[in-house]
Amino acid sequence: MTVSYTLEVANARFAGFSKLLLRWKGSIYKLLYKELMVFSACYTVLSLVYRLALTKDQKKVFEDVARYCDKYTKLIPLTFVLGFYVTQVINRWWAQYTSIPLPDQLMCVVSSTVHGGDEKGRLLRRTLLRYANLSSVLILRSVSVRVLKRFPTMEHIVEAGFMTHEELKKYQSLYSDFNKYWIPCVWFTNLAAQARRDGRVRDDMALKLLIEELNRYRAKCSLLFHYDWISFPLVYTQVVTIAVYSFFASCLIGRQFLPPLKDQKDPDPDMYVPISTLLEFFFYFGWLKVAEQIINPFGEDDDDFETNRLIDRNLQVSLLSVDDMYQNLPPIEKDKYWNEQSALPPYTIATAADNLKPSFMGSTFDMRFDVDSEQTQQVAATPNLPRARTPMLSRFLSSASPAIGMRNLKGLGVRSHLVRFRGDGYPSPNANTRYTDLDPDGRIDEEETTEDERESRASEPPTPKVVSRVPRRLEASEKQKKMEQPRIPNILITVDEPSEENKEADEAEC
């Protein structure tokens, strides 16, 4: 039976895994104790022979061999080879578990698409699910040792109720050199098509949904069969096994405690028990044992899949869902929170503290800053600056610039522009406006706008107008006189369309 310890590690605490170290079933001690005893016995025999039975010359030869073996162990990339192998085996192990066919989705589709509360409808639904479970039993019987021991022959399957005697005759009459787990799936599709003709399946979309769900179920059976057929590459298993065994075979001699050399500064202490070597054996050999146990999870190891329990569960649940639960609904009633705006289920005393925690709104909601600081004050958006363009390029660009040169304002006719001048009393809305960009007389240079530019400008979002102040270049006395004089009203300048001669002159200047 699979060893489960999920509840014991639900909460992390001090020495949380310490209790798990005392377990025997499914533990590494149960898998490894025989190999560890053999390694310890061999190491002890070699150590006694070296210390008690060899002569002085023989000891010298043994020491040279031991140092060579210790140097050889450092050349084997055991961690890389073994780590990659175990990783791939674990991925394959989990993929095999997810490939076990479960009828949960199929039984919901059968219960909702195959109609009829009479005996005929009940027989159809139960037979469809029985065929699906029969297909999974046949494939699990082909890959699992436990299922084969439970159903050693086809008569045992008939006796268990997965197949009738007539179905067994049909099954055996169909000859094939390959596994015939797919035959019940074909029976399923034929029976579903017959139910559609009889009106038990009311439309073609329901039949399509039923067949698609069966194909997903059959695909898992096929994938499980191919996982059993195509094993993990034998060459890699052999490489890993040879690497581990050769490494510790060298450790039997190379990890013996030897007298220090003459030029050795820090000699190792003479210890009769090689604790570090035994721990290394426990780790690496235990790693290999993990791969050995889960490379085929359909055996009889402690942590192999409980396939027999899965068969019992699948048959019971599937037949219950399409038979007793068909159209057997509880009465529809108003829920407890019918008249409440927000539902809040009660808490027990043990979980009351969970209700006091605020709900998560986002990580930035936890930021803390001064509301009255300058960074939190809202400011108006800075308008876009006018885009400067040359007269020649403005004729070929699609987007028009709001600026028009004053030199090109001569002779404009119907296509005229209004240019207004603002005095010092009008502040500029753009803080980045510089007086050096303005004309010495306080005028704004603009470029000519063509018909295409005006059409493209109409499709663009409006650009905020930039009002600039005239630079103050008057002396103090003149400034006072100007303040006493009345303010000059805004000047309206109407410019006619430029003539061809002016255009040619402008092009020559560019």
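The values are calculated or read from the model by the stated rules, or taken from the named source; none is laboratory data. Because the structure is a prediction, the values reported are computed rather than measured. Neighbour counts run over all protein chains shown; Cβ positions are idealised from the backbone, glycine included. Surface accessibility is based on the protein's heavy atoms, side chains included, excluding ligands, DNA and RNA. Shrake-Rupley method; radii C 1.70, N 1.55, O 1.52, S 1.80 Å.
Of note:
- Total residues in the stretch 206-263, condition of a type in the set (Val, Ile, Thr) and either under 31 Å from the mean Cα position of the chain (by Cα) or under 30 Å from VAL114 (Cβ atoms) (or both): 4
- Selection of the stretch 10-45 for residues being among the basic types (Lys, Arg), loosely packed, with under 10 Cβ neighbours inside 10 Å and in a helix (DSSP H, G or I) yields only LYS34.
- Which listed residue, of ARG313, ARG309, ARG255, is surrounded by 12 or more Cβ atoms within 10 Å (Cβ to Cβ) and touching a Pro at 6+ places or on another chain (Cβ under 7 Å): ARG255
- Matching entry among ARG125, ARG202, ARG141, ARG197 (being open to solvent by 20 Å² or more (accessible area, probe 1.4 Å), within 24 Å of ASP312 (Cβ to Cβ) and not small (Gly, Ala, Ser)): ARG141
- Of all residues in the stretch 65-108, exactly one satisfies the criterion of being of a type in the set (Gly, Ala, Ser) and farther than 20 Å from ILE294 by Cα, namely ALA66.
- Residue check for TYR181: over 36 Å from the mean Cα position of the chain (by Cα), among the hydroxyl-bearing types (Ser, Thr, Tyr) and surrounded by 15 or more Cβ atoms within 10 Å (Cβ to Cβ): no
- Candidate set from the stretch 279-299 (those that are over 33 Å from the mean Cα position of the chain (by Cα) and open to solvent by 50 Å² or more (accessible area, probe 1.4 Å)); member that is nearest to VAL86 (Cα to Cα): PHE282
- GLN96 being open to solvent by 20 Å² or more (accessible area, probe 1.4 Å) and part of a helix (DSSP H, G or I): no
- Of residues in the stretch 150-178 being surrounded by 12 or more Cβ atoms within 10 Å (Cβ to Cβ) and basic (Lys, Arg), the one farthest from ARG313 (Cα to Cα): LYS170
- Qualifying residue in the stretch 184-192 (condition: touching a residue at least 24 places away in the same chain (Cβ under 8 Å), in contact with a Leu (Cβ under 7 Å, 6 or more places away or on another chain) and within 21 Å of TRP229 (Cβ to Cβ)): yes
- The stretch 80-99 - residue that is touching a residue at least 24 places away in the same chain (Cβ under 8 Å) and polar (S, T, N, Q) and, of those, nearest to CYS221 (Cα to Cα): SER99
- Unique match (being in a helix (DSSP H, G or I), more than 30 Å from ASN296 (Cβ to Cβ), within 32 Å of the chain's Cα centre (by Cα) and aliphatic (A, V, I, L, M)) among VAL109, VAL86: VAL109
- Residue check, THR55 at negative phi and surrounded by 12 or more Cβ atoms within 10 Å (Cβ to Cβ): no
- Tally of residues being under 21 Å from LEU224 (Cβ atoms) and open to solvent by less than 10 Å² (accessible area, probe 1.4 Å) across the stretch 102-122: 2
- Here ARG141, ARG130, ARG146 are screened, and the one residue that is part of a helix (DSSP H, G or I), in contact with a helix residue (DSSP H, G or I) (Cβ under 6 Å, 6 or more places away or on another chain), of a type in the set (Lys, Arg) and closer than 21 Å to ARG218 by Cα is ARG141.
- Residue, modelled with the highest pLDDT, within the stretch 365-395, restricted to residues that are open to solvent by 90 Å² or more (accessible area, probe 1.4 Å) and part of a helix (DSSP H, G or I): PHE365
- Residues of the stretch 304-324 that turn out to be under 32 Å from the mean Cα position of the chain (by Cα) and in a helix (DSSP H, G or I), as a count: 8
- The residues listed here are LEU75, LEU48; of these, the one that is aliphatic (A, V, I, L, M), over 22 Å from ARG216 (Cβ atoms) and either open to solvent by less than 60 Å² (accessible area, probe 1.4 Å) or not in a loop (DSSP other than H, G, I, E, B) (or both) is LEU48.
- Matching residues, the stretch 46-74, being touching a Leu at 6+ places or on another chain (Cβ under 9 Å) and of a type in the set (Val, Ile, Thr): VAL61
- Residue among ASP70, ASP64, ASP57 that alone is more than 34 Å from the chain's Cα centre (by Cα) and touching a residue at least 24 places away in the same chain (Cβ under 8 Å): ASP70
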